[in-house]
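A short write-up of the structure that comes next.
Laboratory data are not the source of any read-out in this text; all were calculated from the coordinates shown. What you see is a predicted model, and the numbers here were worked out from it, not measured in a lab. Here Cβ is always computed from backbone atoms with ideal geometry, including for glycine, and neighbour counts include all displayed protein chains.
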Amino acid sequence: MVTPLNLFIKEMKELFQCSEVYIMNGTQKEAEKLITIAQNSKFDDRVILKKLNVKEYPNSYYHRSNPNDVSRTEDLTFVCTNLKEQAGPNNNWIKPKIAKIKMLKLFKNAMKNKIMYVIPFIMGIPDSKYEKNCVQVTDSVYVALSMRIMTRVGDQAISKINNNSEFFKGIHSIGDLNPKKRFIMHFPEENLVMSFGSGYGGNALLGKKCYSLRICSYLGYKEGWFAEHMIIIGVQIPNGKIIYLLAAFPSACGKTNLALLESIFKEYKIWTLGDDIAWININEDGQLYAANPETGFFGVAPGTSFKTNPVMMKTLKNNKFFPTLFTNTAIYNDIPWWEGVSDNIPSNLINWYGKKYCKDTDGPAAHPNSRFTVSIYNCPTLSPEYYNPNGVPISGIIFGSRRSNTIPLICEAKNWTNGVFMASVMGSETTTASNGSIGNIRRDPMAMLPFCGYNLGDYFQHWLNVSKRTKKLPKIFIANWFRKDKNNKFIWPGFRDNSRVIKWIIDRINKKIDANESEIGFLPKRGTIDLNGLNIDNEKIELLFKLDKKEWIIEIAMIEKFYSKFGDKIPKELKNCLKELKRKFKI
Ligand code: GTP
Ligand code: SPV
Ligand code: MN
């Protein structure tokens, strides 16, 4: 039968010259079949999946990727639009025609003697306005298994694709992992992504950053909605009411930990809805609503423990239906291990390279960007509202970053425009989630620098326009868990203690407490953040909120340099906010 999906498969088969086509149906039997294939095949010298100790981590598997393929590669990621200005200075750009010639050359015959997995999948809640129909082809069984965890794969997606001419196409081949032949090309105007030469996370699971952020941010711009790098949580307060918040933090800056936060206050419970991506609509009632398009967590392992993130540890141990994958952690006795999971280092530890670990000569045993891929359905704090086809109404948005100085622990923006301004100039230290240097400060507006599929100047205007389209605007907050003292130590304990900050946010939303106006927004009045039981002296608390003029002079210079790259694309309102900020600091 000639269906839109069959036509696409035929075209891919001819292009890749694969030996076999396997169309995924999402069943349990299929998971077993793919796992068996992965356990019995190698890439280079590495077995693709190894079964882990069932008692410690039920239904879980271990994967090591090529050491040259352990994070997203932003320098090899392109947005291919006819006009360069549309992609903006924030994206690498090539003309679509040239990009396709390059990619088709790499794809040609790339799956000889290989199985081509066809992955029909749905992003967003099926049968809701959030639903998006998609298909990805890949020659990586690890990618195929990961997609089964992270998205809704199966027959339902096939029938939807065949009844709808509009669907996203993701074309992926792992190639020979030669970094010189690695490219991730996005074609927002064609609902298409081509990716070659990497099997890692955001480079290869095309439903995640490629589609649900880069392509969808562009669709949202055209259609009046938002695709954001944000978590969604519900905070249940003492009267039983649940208040929903969004929080954007750059990669490896604390989203997953905040999304699965176990509050230290018994009367405040956090419900999890999403840990990485939020799709946001303005509903008929004039409020912002958000839903998570994914069905799994692709979370950073290092730092995760029963002490820092008990809910995630329970999620990993509570495996039911979907096999969990651990990638690039260390391993001993078929148990995955990473820095922070326990205080003692097992004596027979094998590092992420596959070599016996030696504490004195090796760096970390687990790669700092080692991750687990686990189903959201395992999460004991998953909110029943995760399934709500309308999404949840949003009362507050947190924009957070990783800064050793300058930015206070928490600050509330004076109004929507000022909040959009503060988010648009947000700077953060780079992390191991992407290749390149680590610890440099770069501007990462709304935590979307690597993920906005069009010109950030237009994106800022899109955010500003929300105020004209809504009846009830969420409050905007700026957060920073990562401020350091003279000894280069984090001042704020973070993790579960972040619930103290969440409580302050909720009290501000509910107009229960006053705050002090500062140069950048409202800061907590002394005593309004609940520090009960926390051993931290006043001097350190002062430091957490200090606005240092010398630091802000440097900050403002960096902001000006960043804005200048976008010229007239920066909305006038935001330029005015910058002027006002300079005036406040008497710069
Ligand atoms: P992506 O999945 O890359 O988008 O990252 P993420 O934003 O979800 O970050 P995640 O929660 O996985 O945290 C990244 C790293 O920051 C981990 O090593 C955590 O242990 C650490 N981290 C998270 N929250 C805190 C915090 O409150 N304080 C400190 N000091 N570290 C934190
Ligand atoms: C991130 O880098 O923000 C991630 C991991 O969530 S990846 O899926 O690789 O993009
Ligand atoms: Mn992320």
Report task. Among 16, 460, rank each residue by its count of other Cβ atoms within 10 Å, from fewest to most, as a rough exposure measure. Result -> 16, 460
**Report entry** Relative contact order (percent, whole number), the chain, Cα cutoff 8 Å, 6+ residue spacing
**Finding:** 15
Requested in this report: Show me 515-528, 220-233 ranked by packing, highest mean number of other Cβ atoms within 10 Å first.
Outcome: 220-233, 515-528
**Report entry** Cα gyration tensor category, rounded, prolate or oblate, for the range 360-402 with a/c compared to 1.5
**Finding:** oblate
Query raised in the report: So how do 402-411, 90-99, 417-426 stack up, highest first, on mean other-Cβ count within 10 Å?
Result: 417-426, 402-411, 90-99
**Report entry** Derived scalar couplings ³J(HN,Hα) [the range 321-329; Karplus, 6.51 cos²θ - 1.76 cosθ + 1.60; whole Hz; x for Gly, Pro]
**Finding:** 8, 8, x, 9, 10, 10, 10, 6, 7
Report summary line: Proxy exposure order for 12, 111 (fewest C-beta within 10 Å first) is 12, 111
Query raised in the report: Given the pairs 50/356; 359/540; 169/355, which span a C-alpha to C-alpha distance of over 28 angstrom in this model?
Result: 359/540; 169/355
Report task. Kindly write out, for the range 34-41 in residue order, the coupling ³J(HN,Hα) from the Karplus curve 6.51 cos²θ - 1.76 cosθ + 1.60 (θ = phi - 60°), rounded to whole Hz, with x marking Gly and Pro. Result -> 5, 5, 4, 4, 5, 6, 9, 10
Query raised in the report: Within the set 132/241; 486/550; 255/575; 472/525, which residue pairs have Cα atoms separated by over 23 Å?
Result: 132/241; 255/575; 472/525
Query - Flagged links, alpha-carbon separation over 30 Å, of 84/180; 108/569; 503/561; 55/112 - result: 108/569; 503/561; 55/112
Requested in this report: Have a look at the DSSP beta bridges in the chain and tell me what percent are antiparallel, nearest 5.
Outcome: 65
Query raised in the report: In whole Å, how far is the Cα centre of the range 408-427 from that of the range 146-166?
Result: 38
**Report entry** Spin-label pair residue 553/residue 10, simplified geometry with 7 Å Cα→Cβ offset, distance in nm
**Finding:** 7.0
Report summary line: Fewest-first ordering of 385, 560, 555 by Cβ atoms within 10 Å yields 560, 385, 555
Report task. Using the Cα centre as the reference, give the magnitude of the dipole from point charges on the C-beta atoms of the chain (Lys, Arg: +1; Asp, Glu: -1; all else neutral), rounded to the nearest 20 debye. Result -> 700
